[in-house]
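Working notes, beginning with the structure itself.
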Amino acid sequence: MSSVNLMAREVAAKIVFYGPGLSGKTTSLRKIYETVRPAHRGEMMSIATEGDRTLFFDFLPVKVERVGDCSVRLALYTVPGQVFYNATRKLVLQGADGVVFVADSQPEAMDANRESLANLEENLFEHGIRLDRFPLVMQWNKRDLDGVLPVEELRKELNPRGVPELETSAANGRGVLDTLKAITRLVIKDLRAKRIVPPPRPTTGAQPAGLEAQLTQHLQHRQQPGAGATAPQPVQGGGPVPRVAPMAVVPPPRVEPAPIPVPQPGPTLLGPASALAPGDMFDHARAAEAAFMTGDYTTCVTACTDAIRRALAFAGEGSLGQQAFLLRVDGADLLRLQGLATQQHLRVDDAAFSLYVMMQVFIRLNAVGLPNAE
């Protein structure tokens, strides 16, 4: 399921590259990574072993076109091709918004293609999704090799529904980006149909703030009939408008202001972040909230980053990306937060975004029951 960050006006969608082992899923992601401009991509993470088989997943956040006034960020994953890693396949597939099925065009791989496609349909069904109602693109890969099956036969065996299909050669990158564009169009169309994408912001001009806004509102109020001023009345007969002597303005009597009550000291209310924080991260959350309230946005981002790093450690050993994946934390948000932590001049929206990510991590910890109570 896609996520919407209303603060950043960003929609994050997850696309999974599915298919049998050695069909070219990881190679496709690597070609995308090499082609996309560095400003529009994140870090690519991969766990591979002998034989270049991806045993866990690849994760590549790619920023693409805008929908309305929201930017769309794609998180691209692959699954292990071997059947005995089906539990990992099912885990990676959870929350997907679209699938690219990478089929091996060689004749000897047809049985593996059929088995993997049936496995995809079964795993989606366990997540409550029907494949015939899900964004899907077929990628006929390895078209550069000799003796590959005709597209008509691949279509007959693997694409009876007639979903979009493209011929590719992941080894040299031919057709890979076209496949990504095709699944992106389907995913965005599906998000619009489900009304996942928020409506655009109003395009009216910016309203003046502070003292200027108060003066503008006051003048508009004074000019309205019945709001302290008398509307001009038409003169009967079309004669000259009589001159009216100005009325003397009598100043209102001076009223001494009432003394302002001094609030009595009482218990300090918890902020939203500290209220969600586990015990070990409570001080970091309070420090981040206090820094935000005082305008020290650099300290706020630093405190949030430290708290998130400590919180993700409860997911077990591994890299930050692996820990985030196990807790289902948005990797794109983590990458953006890491970038903010290296900047010197931060704004209020940067600090607010850091608080948002920290609270999301705390929510995921609470959902899975971590840390365990002693």
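The values are calculated or read from the model by the stated rules, or taken from the named source; none is laboratory data. Worth saying up front: this structure is predicted, and the values here are computed from it rather than measured. Positions of Cβ are generated from backbone atoms using ideal geometry, with glycine treated the same way; all protein chains shown enter the neighbour counts. SASA here: full protein model, heavy atoms, side chains in, ligands and nucleic acids out. Shrake-Rupley method; radii C 1.70, N 1.55, O 1.52, S 1.80 Å.
Would you mind checking which residues have amide H under 5 Å from PHE17's amide H? H placed 1.01 Å from N; only 5 or more apart, or other chain.
Amide H to amide H, under 5 Å and 5 or more residues apart or across chains, PHE17 pairs with TYR77, THR78, VAL79, VAL100.
Let's see if you can work this out: charge +1 on each Lys and Arg Cβ, -1 on each Asp and Glu Cβ, no other charges. What is the dipole magnitude of segment 302-374 about its Cα centre, in debye to the nearest 20?
Approximately 60 debye in magnitude.
Between GLU115 and ARG309, what is the label-to-label distance in nm when each label sits 7 Å out along the Cα-to-Cβ direction?
Calculated label separation equals 4.4 nm.
Rounded to whole Hz and in sequence order, give me ³J(HN,Hα) for segment 20-37 from the Karplus expression 6.51 cos²θ - 1.76 cosθ + 1.60, θ = phi - 60°, writing x for Gly and Pro.
Using θ = phi - 60°, the values come out as x, x, 6, 7, x, 5, 5, 4, 4, 5, 5, 5, 4, 4, 6, 8, 5, 4 Hz.
Averaged over all directions, how much area does the convex hull of the C-alpha atoms of segment 62-170 cover when projected, in nm²?
The directionally averaged projection comes out at 7.9 nm².
Find out how many positive minus negative residues lie around ALA277, taking Lys and Arg as positive, Asp and Glu as negative, among other residues whose Cβ is under 13 Å from that of ALA277.
Residues near ALA277 contribute -1 overall.
In straight Cα distance, which aspartates and glutamates are under 17 Å from LYS63, not counting same-chain residues fewer than 8 positions off?
Those aspartates and glutamates meeting the cut-off are GLU10, GLU34, GLU43, ASP97, ASP178, ASP330, ASP333.
Give the calculated FRET efficiency between ARG161 and LYS90 to the nearest 0.05, with a Förster radius of 22 Å applied to their Cβ-Cβ distance. Write down the numbers at each step before the final one.
Values: r = 22 Å, r/R0 = 1.00.
Step by step, r from the Cβ atoms, then E = 0.50.
Just the ratio, please: alpha-carbon radius of gyration of segment 276-344 over 2.2 N^0.38 Å, N its number of residues.
On the way: Rg = 12.4 Å, N = 69, 2.2 N^0.38 = 11.0 Å.
For segment 276-344, the normalised Cα radius of gyration comes out at 1.12.
For segment 61-190, what does the accessible surface come to per residue with a 1.4 Å probe? Please give it in Å². Don't jump to the answer; show the numbers that get you there.
Numbers: 5760 Å² over 130 residues.
Per-residue value: 44 Å².
Compute the normalised compactness of segment 111-200: alpha-carbon radius of gyration over 2.2 N^0.38 Å, N being the residue count.
Cα Rg divided by the expected 2.2 N^0.38 Å: 1.24.
Got a sec to turn the phi values of segment 175-183 into Karplus ³J(HN,Hα) couplings, 6.51 cos²θ - 1.76 cosθ + 1.60 with θ = phi - 60°, whole Hz, x for Gly and Pro?
Working through the residues one at a time gives x, 5, 5, 5, 5, 4, 5, 5, 6 Hz.
Using the basic label-point model (7 angstrom from Cα toward the beta carbon), what is the GLU34 to THR298 distance in nanometres?
It works out to 4.1 nm between the two label points.
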